[in-house]
Amino acid sequence: MADKDKIMKNDDNENASLKSTSNLTTNENEMNEDQRVKILSPGMLVIKRFIRNRLAIVGTIILVAMMIFSFVGGLISPYKENQTFYEKSDISKDFASASLSTSYSFYYADGVTLESSLVEPSFLKSLSMGDNFATDKKGSFLYTITEQSEGFYTISRATSLGSVTLNDDGTVNESEFGAELQSSDKLQSTLLTAIETNEDSIEVDGNVYSVISTKKNNYTLCSTEKVGVATNKIISLIDENEAVSYEFVNALEAALAEDKKELDYNGDSYRLEENEGFDVLYKGESEFACISEYSMNSESGEALPIEMRTAILKAITAREKSFEYKGKEYTLKNKDKAYTISTLTKKELLDRHAAPSKQHWLGTDKDGMDNLTRLMYGGRISLFIGFIVVIIELFIGIILGGMAGYFGGWVDNLIMRLVDIAICIPAMPIYIILGSIMDTNNVDAQFRIFYLMLVLGILSWPGIARMVRGQILSLREQEFMIATEATGIAVRRRIFRHLIPNVIPQLIVIATMDLGSIILTEATLSFLGLGVKFPYASWGNIINAVNDSFVMTHYWYEWIPAGFLILLTVLGFNFVGDGLRDAFDPKMKR
């Protein structure tokens, strides 16, 4: 029995020993696996270090979100980049104008042919100068003006029959008459009597003559005939096919002067119905004309219907601010008795500066385009420009920096002097000059984007070239480069297969940091109007579109989101760049 217990105890010890050995082997294997990751997978070690950096992860999340927003958002957006939106709105449109008439309407007798362009200006000039006659430019006739009532004048045409010039004592100095009147002593004596008594007409043998004083002590004897009337009243006929004659206007004015309400003319009966500010003339029981002191003109140049004129005059008389005509509402605006008649019309207008809504989450801009969609497409261009510029500057910087660092000597001196010259070039004046040249030549907006990327890339490579040169100067003296030289590997392969890959970690960090600065540069140039042009969107020119203080203070949703996206993107690239720099640093403490 004792032997049996001893055997069992030995078995337990042996199992414990085996278990201990197994645990030791397991721990050793785990340790070896961890060491294998560290020794054989430096990339995994970089990734682990990068993941430990919380800001780097935040930056990565931001950049992924920006990529999805810019490149995927535009695909799922229901709108296009340059799609404009309209809204039906009631706009006030000037329809007509009305003002107190300061001009005169002229009506001429039948069979009388006058040059209105000569008579009417002379008539108005005579009124302003206080004269009672006007002479046409040819000087062949004298037109006498007689005021019949307020604002109504008759115009008579005078034909000269002779003239008399008197001395200061009233005696005849010189006289000149036609053959028929020269022998008429009665006419001459009657003329002298009229001159002494300041009469403007005489009657001899049943004929009426006018006496007109043209200048001092000179009088002209004329035969006159009435040729027209001038009135400051506006006579608007209901039937535009009708016409009023000189005789009708003369009879109408006479009735108005005598305050008569009825008028018989040419076998027809007319009745005047007085309103405040205008009169309506009826022919029988039908409206015939509207008489007022207001002149009216339509914006289209067409004659206003009499019903419309009557409605306007009634509104003016009643001092109403609006009136209806044929089911449509019109408004009146009064300024110094000059009225503007406007109407509200439905019209499709650009939906400018619309507030955020279900249809437009960030509203619309000044061109009626969806702000959110423009931000998506603008992110594409801003990020695309950043990546292309980085590729261009890396390409130039790696080639020139690699050659300078590897060959040294005169090659190094030549390339470094080129770097110094490139660094000394003032970038902003170059941008301004190129922008002005492209504006002058009306370069297409799409080509401007490519030119912008090219210029930014060409002006940004010197820093990368210097960094690559410095790294290669230190790497080319190491043992692995001596081995490549000993094995006869071509120079091109030594530089681009063995030296440049050892510089890639630093290049990745620099490229990541440069992306943020390039996006800022593009935004600045677009804000200044030197970068991406309408209709293409970038975050920079979206902000540039808000160049009015009123828009900036009242429509925040048009520019703050673009600025916020620029801030987030640049911040994300900086966080990722810092994280990569720390991850690639072999001396970083774990």
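Using the Cα centre as the reference, give the magnitude of the dipole from point charges on the C-beta atoms of region 283-425 (Lys, Arg: +1; Asp, Glu: -1; all else neutral), rounded to the nearest 20 debye.
440 debye
Quick check for you: with a 1.4 Å probe and neighbouring chains kept, what is the accessible area per residue of region 312-469, in Å²?
In whole numbers, region 312-469 has 54 Å² accessible per residue.
Ranked from highest to lowest mean number of other Cβ atoms within 10 Å per residue, what is the order of the peptides 294-302, 528-536?
528-536, 294-302
When you count, for each residue, the other Cβ atoms within 10 Å and take the mean per peptide, how do 357-368, 89-100 rank with the highest first?
Descending mean neighbour count gives 357-368, 89-100.
FRET efficiency for Phe496 and Phe450, Cβ-Cβ distance as r, R0 = 22 Å, nearest 0.05?
It comes to 0.20.
How much of the accessible area of region 326-394, in percent, comes from carbon and sulfur atoms when a 1.4 Å probe is used?
Carbon and sulfur: 57 percent of the exposed surface of region 326-394.
Cβ neighbours within 10 Å, averaged per peptide: list 382-393, 241-252, 151-162 in order, most packed at the top.
382-393, 151-162, 241-252
Averaging over all projection directions, find the projected area of the Cα convex hull of region 442-586 and quote it in nm² with one decimal place.
Result: a mean projected hull area of 11.7 nm².
Starting from the Cα of Leu567, move 7 Å in the Cα-to-Cβ direction to define the label point; list residues of region 378-398 whose amide nitrogen is under 13 Å from there.
none
Could you point to the residue in Ser223, Val249, Gly267 farthest towards the positive end of region 209-267's charge dipole, with +1 and -1 charges on the Cβ of Lys/Arg and Asp/Glu respectively?
After comparing all options, I get Ser223.
The values are calculated or read from the model by the stated rules, or taken from the named source; none is laboratory data. Bear in mind that the values here come from a model prediction, so they are computed numbers and not experimental data. Positions of Cβ are generated from backbone atoms using ideal geometry, with glycine treated the same way; all protein chains shown enter the neighbour counts. Quick note on the areas: whole protein, heavy atoms, side chains included, nothing else; ligands and nucleic acids left out. Shrake-Rupley method; radii C 1.70, N 1.55, O 1.52, S 1.80 Å.
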